[in-house]
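Down below is the structure, laid out as structure tokens.
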Amino acid sequence: MKRSSPMQPVSANANMSAANVKPRSGGGSQNLLHVQKALMEYLLLGKLDH
Amino acid sequence: MAANIKHFLQFKDFTRAEFEYLFERTRIIKERFKGYQKYWPLEDRTLVMIFEKASTRTRLSFEAGMHQLGGSAIYLNTRDSQLGRGEPVEDAGKVISRMSDIVMIRTFEQDIIERFARNSRVPVINGLTNEYHPCQVLADIYTYIEHRGSITGKTVAWIGDSNNMCNTWLQAAEILDFNVHVSTPPGYEVEPERAGLFGAEHYEEFADPMEAAKGADLLTTDVWTSMGWEAENEERMKDFADWQVDGDMMRVAAKDAVFMHCLPAHRGEEVSAEVIDGPQSVVWDEAENRLHVQKALMEYLLLGKVK
């Protein structure tokens, strides 16, 4: 039984244009997502070096 | 807004070439899964699943499928999100799509999912509406190909209600060039406009279900009372009594005909136990293939054609 093999070399970014999917972009209500991610990171990991 | 995003809201949203690609990707993805090969092309991607109707197979297949592709899935039901009631569906489309990478919706009117998609910046998949069930028919056709080869030129017999499954089969017949024999009780006939058909060249209606089944390569049916029509259940039980797929019906079909049912099935109503549990039934492969075709679908919608 095969358990692992190299992943197919898929480049998500390279294929986004082929799929007509817009890149993620910021703004508006989406920022609720991003500030909460930063908040959880800070509460769990403290200050990180950028 | 976001007019160039590709969605899968009804079967005719894709071309024949796209379906051929999807069936080939399904074969590859299924083979890898069966071989325990890790394949995570959607790592860090999030699928949001919105359910306004009950579901077993759809939730399971999408959620498991997204995990198997390396992504995450979030389940929202009517307590969490009521499209068009809690807030305008257009607003929900804008907000939900900003926090996720792909959305699957099971809802009532097709118009709801169309409006959501028009306002979404990520792909939207129809997980069943009153009018269509494209993911199920995608799985059904893949299952037919696995068992019998190409469906082009074949005859599918649809026995029973002209519901969302029937409508989707009719759309698929136009795109993939096969024929559908439809037999419904009087008063439940196909509504071509609601089915979203280009014409009437790929289907024929039969008053007698036995006539519809004659020589068919695939017989399929669905519950007599679909979700949303429960109030009519008693009346439908009488109206559909002669539209059961049973052994006699299978015997007039092609010798190598297969039987399909999108499940859940009611043995003794739309199908006899002899048929659904018999040697021509492929319903369990059909159910499993929801997982595989939807993985191929999500891969395609998010990554385009993979080399």
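Just one of the listed residues (B:106, B:115) is over 23 Å from residue B:32 (Cα atoms), touching a Leu at 6+ places or on another chain (Cβ under 7 Å) and away from every other protein chain (no Cβ under 14 Å), namely B:106. Out of the residues in the range B:145-198 meeting the condition of being out of contact with any strand residue (DSSP E or B) (no Cβ under 7 Å at 6 or more places or on another chain) and among the aliphatic types (A, V, I, L, M), tell me which one is nearest to residue B:129 (Cα to Cα). Only one residue tops the list, namely B:165.
Scanning the range B:75-90 for residues that are within 21 Å of the chain's Cα centre (by Cα) and open to solvent by 50 Å² or more (accessible area, probe 1.4 Å) yields a total of 1.
Annotation for the range B:251-274: no member residue is within 14 Å of chain A (Cβ to nearest Cβ) and either crowded, with 17+ Cβ neighbours inside 10 Å or not aromatic (Phe, Trp, Tyr) (or both).
Within the range B:270-307, being in contact (Cβ under 8 Å) with a residue 40 or more places away in the chain and basic (Lys, Arg) holds for B:290, B:295, B:305. Whenever a residue of the range B:101-121 is farther than 21 Å from residue B:55 by Cα, its partners that are of a type in the set (S, T, N, Q), lying with C-beta atoms within less than 6 angstrom and at least six residues away or across chains, give the pairs B:101/B:46; B:120/B:97; B:121/B:97. From the list B:70, B:65, B:84, the one residue that fits, being over 19 Å from residue B:222 (Cβ atoms) and at pLDDT below 95, is B:84.
Mind listing just one residue for me: the one in the range B:14-37 that is touching a residue at least 12 places away in the same chain (Cβ under 8 Å) and assigned to a loop (DSSP other than H, G, I, E, B) and, of those, nearest to the other protein chains (Cβ to nearest Cβ)? Top of the filtered list is B:14.
I need the full set of residues from the range B:276-303 which are under 21 Å from the mean Cα position of the chain (by Cα) and within 12 Å of chain A (Cβ to nearest Cβ), in order please. Walk me through it before giving the result.
Just the residues of the range B:276-303 that are under 21 Å from the mean Cα position of the chain (by Cα), to begin with: B:276, B:280-302.
B:297, B:298, B:299, B:300, B:301, B:302, listed by residue number.
Taking helices (runs of 4 or more DSSP H) that fall entirely within the range B:91-202, which contain at least 3 residues that are open to solvent by less than 10 Å² (accessible area, probe 1.4 Å) and touching a helix residue (DSSP H, G or I) at 6+ places or on another chain (Cβ under 7 Å)?
Details: elements: B:110-118, B:134-148, B:164-176, B:192-195.
The helices (runs of 4 or more DSSP H) meeting that bar are B:134-148, B:164-176.
The values are calculated or read from the model by the stated rules, or taken from the named source; none is laboratory data. What you are looking at is a predicted structure, and each value in this text was computed from that prediction instead of being measured. In this analysis, Cβ positions are derived from the backbone assuming ideal geometry, glycine residues included, and neighbour counts consider all displayed protein chains. Ligands, DNA and RNA are stripped out before the accessible areas are found, and what is left, the full protein with its side chains, is counted by its heavy atoms. Shrake-Rupley method; radii C 1.70, N 1.55, O 1.52, S 1.80 Å.
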